[in-house]
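Colleague: One structure, as structure tokens, below. Some questions next.
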Amino acid sequence: MGHECYIIHILSLQYFPVQFNKGEHGFDNQEMDMKPFFRAVGPAFHKNLEVGPFETVNIYPLMCHILGIQPELNDGNLSATQHMLVTSADGKTVNFWKNGFIGLSAVAGFLLLVFIVATSYKILQRKRKNKRLESSTEEEKTKKTSL
């Protein structure tokens, strides 16, 4: 029996390139080295929380719950991963769409303010430059007429 991370090829198949299986994956999923890992960072998840193994089909209902959408019929179950989520003090799940919208609105407002200040500054600079040009042309006209 081979090691769980290696594939054993029969030498005769190298000369006759036929692949009878549909892929080179599907190792024993009971081996801990073969299990995937799940890492979640963000306002929806507890910080520094380590959990034991769970089936990856449970990620879909978890993501649908966070996004606030109704999941399609699937083999996953939210109860397997819901303990990873941060909840508010009254036990309700935090509305991340609302918080995200408020945050994006604040950023948009700040950018609008910066735009208004920068545009006003440029307009004032142009006005000052135009005044200087007008005053210099008037001085030149007066010099020419006085000569």
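Colleague: Taking 35 Å as R0, compute the FRET efficiency from the Cβ-Cβ separation of Val107 and Gln70 and round it to 0.05. Display every interim value, and only then the final one.
Modeller: Values: r = 29 Å, r/R0 = 0.84.
Working from the Cβ atoms, E equals 0.75.
Colleague: So, one more: In nm, give the distance between the simple-model label positions of Val114 and Asn77, each being 7 Å from the Cα along the Cα-to-Cβ direction.
Modeller: Each label point is offset 7 Å from its Cα along the Cβ direction, giving 4.9 nm.
Colleague: In nanometres, what is the gap between the two model label sites at Lys35 and Asn48, each 7 Å from Cα along Cα-to-Cβ?
Modeller: 2.3 nm
Colleague: Pull out the extension gain between Asn95 and Leu133, defined as 0.36 nm times the separation in residues minus the alpha carbon to alpha carbon distance; nm, one decimal. Kindly include the intermediate steps, with their values, before the conclusion.
Modeller: On the way: separation 38, 0.36 × 38 = 13.68 nm, distance 5.74 nm.
Length gained, Asn95 through Leu133: 7.9 nm.
A short reminder: the numbers here are calculations on the coordinates, not readings from a lab. The structure presented is a predicted model; accordingly, all values stated were derived computationally and were not measured. Positions of Cβ are backbone-derived with ideal geometry, glycine not excepted, and every protein chain shown enters the neighbour counts.
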